[in-house]
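Everything below concerns the one structure shown next.
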Amino acid sequence: MSVTVHLDENESVRLTDEVVETRPPDRIAFAVEGTITMTEDLLGSFAGATLNPVRIDVSGDGSPAVAIDLAAESSLRLETVDVGVETPDADDLSPGLDSLSPGGDDDSETTGSRPGAIAFTVEGAILDVPAETFESLPGAPRTVETLTFAVEGPVRTDGGRDDVLLDFTLLGYGVVVYRNGVVEIGTGGTLTDVGLP
């Protein structure tokens, strides 16, 4: 199973700053800053699973988006992750929040959901981009249009705690972000909460 996040047309994702630069011969550096709003229902649907980035679509310069395969050829490496978490009142949320929950058309399913907002800054690089993909990238300014994750059962890294970039709790769910881009979501103390950086 996979899930695709459309950063360019998602009302619950607001990007305030984004830089995507090519670094010949086979590297793409990026920095993305923004906020994402989600409900407990959405976060809970991934509990106990890992979200492993498998594809990134980069667009720009009026050209069609170029897909970069992270599963077979290229790899994602996160260098800096800074995340802040807030659980505002329902009245403070932006329109479009209901579209995130599986029952967006049924108000009764979202009534008890506790919303959360995440402010984030992420910097990193896509490594080993194939020459033909690198050459077909659109001109600047470039943006990350979509990000696709493979949703799998829990997989622990064997690299130790040094591979963990971020470990926090949101709405009672433990979230761990590893340097290689894997996001792991757990519940009920399965992950250690060390607080926000």
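Between Glu79 and Asp26, what is 0.36 nm times their sequence separation minus the Cα-Cα distance? Round to one decimal in nm.
Details: separation 53, 0.36 × 53 = 19.08 nm, distance 1.72 nm.
The span from Glu79 to Asp26 would gain 17.4 nm if fully extended.
With the whole protein complex present, Ile56 retains an accessible surface near 10 Å², based on a 1.4 Å probe. Taking the accessible area of segment 9-86, probe 1.4 Å, and keeping the other protein chains in place, the carbon and sulfur fraction comes to 44%. A simple spin-label model places the labels of His6 and Thr187 2.9 nm from each other, with each point 7 Å out along Cα-to-Cβ.
Largest accessible area first, the residues Tyr173, Tyr178 order themselves as Tyr173, Tyr178 under a 1.4 Å probe with ligands, DNA and RNA left out. Met38 sits with roughly 20 Å² accessible to a 1.4 Å probe, with DNA, RNA and ligands left out of the calculation. Summarising the amide proton neighbourhood of Thr187: residues at separation of 5 or more, or on other chains, whose placed amide H is nearer than 5 Å comprise Gly48, Gly174.
The values are calculated or read from the model by the stated rules, or taken from the named source; none is laboratory data. Everything quoted here is computed from the prediction, not taken from an experiment. Every residue, glycine as well, gets a Cβ built from its backbone with ideal geometry; the counts of neighbours run over all protein chains shown. All accessible areas refer to the heavy atoms of the entire protein, side chains included, with ligands and DNA or RNA removed. Shrake-Rupley method; radii C 1.70, N 1.55, O 1.52, S 1.80 Å.
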